[in-house]
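To start, the structure itself, in structure tokens.
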Amino acid sequence: MDLWAEILERPNQLVDKYEALWLEQQSDRKIYFYRIREEFNKTHQPHHLLYLLARIVKGSIRYSSDGKFNQSPDNRRLGMKPITMKKNRFFSRLVVGKSLYDLQ
């Protein structure tokens with residue numbers, strides 16, 4: 001829910017934080033993914049979840065029995081490029097103030 005709130009209320013800041021993570025992964029993206037996953041499991045920061053979602057295979061989220069995010073990265077991909085993410089953030093303006101019923 002925190003990620004959804006960020007998408008709706010602070011999309012620009014969310015994308016900026018995502019971009020910072022995306023750029024930092026360049027040296028060793030596999031190790032970096034696991035570091036961000038570990039950090040997310042401790043802090044539950046929305047921008048960490050967005051990064052993880054962009055990097056996992058087919059967006060298939062898995063959690064361990066103790067509730068920790070445990071999906072592995074798709075090492076064939078870097079995740080959505082920040083420029084593309086910035087172009088897509090307009091979506092949040094379309095859904096602000098709408099219920100799921102309104103969007104159907």
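Annotations
- Unique residue being within 13 Å of residue 81 (Cα to Cα), among the acidic types (Asp, Glu) and either touching a Lys or Arg at 6+ places or on another chain (Cβ under 8 Å) or surrounded by fewer than 19 Cβ atoms within 10 Å (Cβ to Cβ) (or both) when the list is 39, 24: 24
- The stretch 1-21, residues that are small (Gly, Ala, Ser) and under 21 Å from residue 83 (Cβ atoms): 20
- The residue that is surrounded by the most Cβ atoms within 10 Å (Cβ to Cβ), among those in the stretch 78-104 that are modelled with pLDDT of 85 or more and part of a loop (DSSP other than H, G, I, E, B), is 79.
- Beta carbons closer than 7 Å, at least 6 apart along the sequence or on distinct chains, pair a first residue in the stretch 1-30 that is at pLDDT 90 or above with a second that is loosely packed, with under 14 Cβ neighbours inside 10 Å for 30/75.
- Breaking point among (1) assigned to a loop (DSSP other than H, G, I, E, B); (2) surrounded by 11 or more Cβ atoms within 10 Å (Cβ to Cβ), for residue 14: (1)
- Looking only at residues of the stretch 42-74 that are of a type in the set (Ser, Thr, Tyr) and either part of a helix (DSSP H, G or I) or at pLDDT 95 or above (or both), we find that the one that is surrounded by the fewest Cβ atoms within 10 Å (Cβ to Cβ) is 43.
The values are calculated or read from the model by the stated rules, or taken from the named source; none is laboratory data. The structure displayed is predicted, hence computed values, not measured ones. For neighbour counting, all protein chains shown are included, and Cβ atoms are generated from backbone atoms with ideal geometry for every residue, glycine included.
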